[in-house]
Amino acid sequence: MLKHNLLDLLVCLLLVALPAGCATHADRLRQVRAQFYSGSLETARSTINADVTLHGGEANVLKLERAIVDLSAGRPKDAEQTLREVRDAFDYLEQKSLAEGALAMATDDNAMSYAGEDYEKILIRALLALSNLMGDGGDAEAYSLQVAEKQDQIIQHGADASGKNPKADYKRVALGAYLRGVLREETHFDYDDAARSWAKVVSWEPAFAPGPEDVQRAEHGTHCQPGHGVLYVFTLVGRGPYKVEKAEVRSSIALLIGDRIASGTTRHTLPPTLAPIKVPMVVVSPFHVAGVEVAVDGHGVGVTQTITDVGRLAVEQYQAIYPSVLTRAVLRRLAKKGTIYAVKEATGTKNNSWQNLVFDLAGVAWEASESADTRCWGLLPDKIQVLRIELPAGEHRIGLHATGSFAGGSEEQTLARIIDGRNTYLLANFPDDRLVGKVLQSNR
């Protein structure tokens, strides 16, 4: 009876694991990215909605893609609602599920609910602030404060079992502090708060050239000249980071050597590590947009500057936690080998029997069924940039033209209404030399 129960258990584990070798999230994301970058926003949205229905375990991260589509298409309220929903879901999923953890050890990390990478959790709040600014802006400051709060929380709770904190040196996202400075300065009263916020920007993003000037302006208590207002042009530029599956060759070879040694010195053989250990890797796109040239009434006034380097942030944060990702993948392999060994021990399998060969083949198939967890927010930009322009009150024609290592791309034009003593905000998405979607303007 025990033998039959163990055999039944092994068969069940294989049946659960084998579907993992099918199409991955990376395969589905490739189609969505192609549709989005070609400007087919409604097609991309339909594809995302269909995938949400078919692949429930990816629903939250797919909704993030839909938020970017909605924002680019001129639906900032829809984007904000979706981002808020996923933000809350990710916060809830930070609670670990023992059942999901056990299933992931028997299959792979795709069995766990996706709770977002650290940089994604932070950028959700940053994009919430930008989305809200494109509406009435009433909650933009609260969202900007959440950016810093979430960063602090992630770092404070980043220690691993050994007591080391690989997240202690995470680079800070300056966009939240920048936005708070922008909003505080517009009150014409809270200049001290604005100066403190922009001082953080200078510290966290020293390459942001306008930072020192922003601090100095706030310290002098000046928002703009009388009869003028301020235009902030925010741009999402370049194609952002995404995940691909990578074979960890060195670790796989080391594990193969180890299981061969163990097979020669223990009562039973272990399944050989023929299938490489698979892990996700964050990569950045080769498409490069340097910035967006801004013209006002036909005259060039400047180029947007990077306030948050999303690609660099994603790669550096993932590199910091990569040892733990690899350790989990290796422990999963050891657990699977241990399960096969235990079944052989319980069933009295002989090393030179056909049954032993069947168990080893089953173990190899079980390990080969693994797929790396490539779920990620794939429509993020490579960089978030901004340009501040002080203009006389009234209506102005604004021209936007992407610059970078490419030829082509036409200037996109829009009208911006500048209000005396107030801020006006534009938002545009340039994943390459062409605008995707619309140029959004705040409607406060």
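Coordinate-derived values only; no laboratory data. Every value quoted in this text rests on a predicted model; they were computed, and no experiment measured them. So basically every Cβ, Gly included, is an ideal-geometry build from the backbone, and we count neighbours across all protein chains shown.
With K and R counted +1 and D and E -1, the other residues having a Cβ less than 12 Å from that of GLY258 yield a net charge of +2. Where a Cα-Cα gap under 25 Å defines reach, which lysines qualify for LYS344, not counting those fewer than 8 residues away within the same chain? Cα-Cα hits under 25 Å: LYS3, LYS336. Seen against the Cα atoms of the chain and their longest principal axis, helix 118-133 is set at about 30 degrees.
For the chain, the longest principal axis of the alpha carbon atoms and the long axis of helix 354-368 meet at an angle near 0°.
The angle between the Cα long axis of helix 310-347 and the main principal axis of the chain comes to about 20°, on a 0 to 90 degree scale.
Please go through region 151-209 and write out the trypsin sites (Lys or Arg not before Pro) that DSSP classes as loop and that have at most 14 other C-beta atoms within 10 Å. Within region 151-209, the qualifying trypsin sites (Lys or Arg not before Pro) (loop, at most 14 other Cβ atoms within 10 Å) are LYS164.
Let me check I've understood the local charge: for GLY229, count other residues with C-beta under 10 angstrom from its C-beta, Lys and Arg +1, Asp and Glu -1. What total comes out?
Here the count lands on -1.
For ARG375, ARG33, the sequence from fewest to most other C-beta atoms within 10 Å is ARG33, ARG375. Under Stokes-Einstein, with the Kirkwood radius over Cα pairs as Rh, the value for region 242-328 at 37 °C and 0.692 mPa s is 191 µm²/s.
Can you give the relative contact order of region 260-341 as a percent, counting alpha carbon pairs under 8 Å and 6+ residues apart?
35
The trypsin sites (Lys or Arg not before Pro) of region 245-336 meeting both criteria, a DSSP state outside H, G, I, E and B (loop) and at most 13 other C-beta atoms within 10 angstrom of the site's C-beta, are ARG267.
Relative contact order, percent, of region 177-324 when contacts are C-alpha pairs under 8 Å separated by at least 6 residues?
Normalised by residue count, the contact order of region 177-324 is 20 percent.
Calculated mean residue ellipticity, 222 nm, the chain: -16500 deg cm²/dmol, from DSSP H runs (n ≥ 4) at -39500 (n - 2.57) each, averaged per residue and rounded to 500.
Provide the FRET efficiency to the nearest 0.05 for the LEU93-ALA247 pair, computing r from the beta carbons and using R0 = 22 Å. Plugging the Cβ-Cβ distance into 1/(1 + (r/R0)^6) gives 0.20. Summarising the label geometry, the points placed 7 Å from Cα in the beta-carbon direction at ALA368 and THR266 lie 2.2 nm from one another. What the Cβ-Cβ distance of ALA159 and GLN225 gives, at R0 = 56 Å and to the nearest 0.05, is a FRET efficiency of 0.65.
Using the Cα atoms of the chain to build a convex hull, what is its mean projected area in square nanometres?
On the way: hull surface 93.2 nm².
Orientation-averaged projected area of the Cα hull: 23.3 nm².
For ILE418, the shell of other residues with beta-carbons less than 10 Å away shows a net charge of -1, using +1 for Lys and Arg and -1 for Asp and Glu. The chymotrypsin sites (Phe, Trp or Tyr not before Pro) of region 376-444 that meet both conditions, a loop assignment by DSSP and at most 16 other Cβ atoms within 10 Å of the site Cβ, are PHE406.
How much FRET efficiency would the formula 1/(1 + (r/R0)^6) give for VAL325 and HIS299, where r is the Cβ-Cβ distance and R0 is 51 Å, rounded to 0.05?
In this case the efficiency is close to 0.50.
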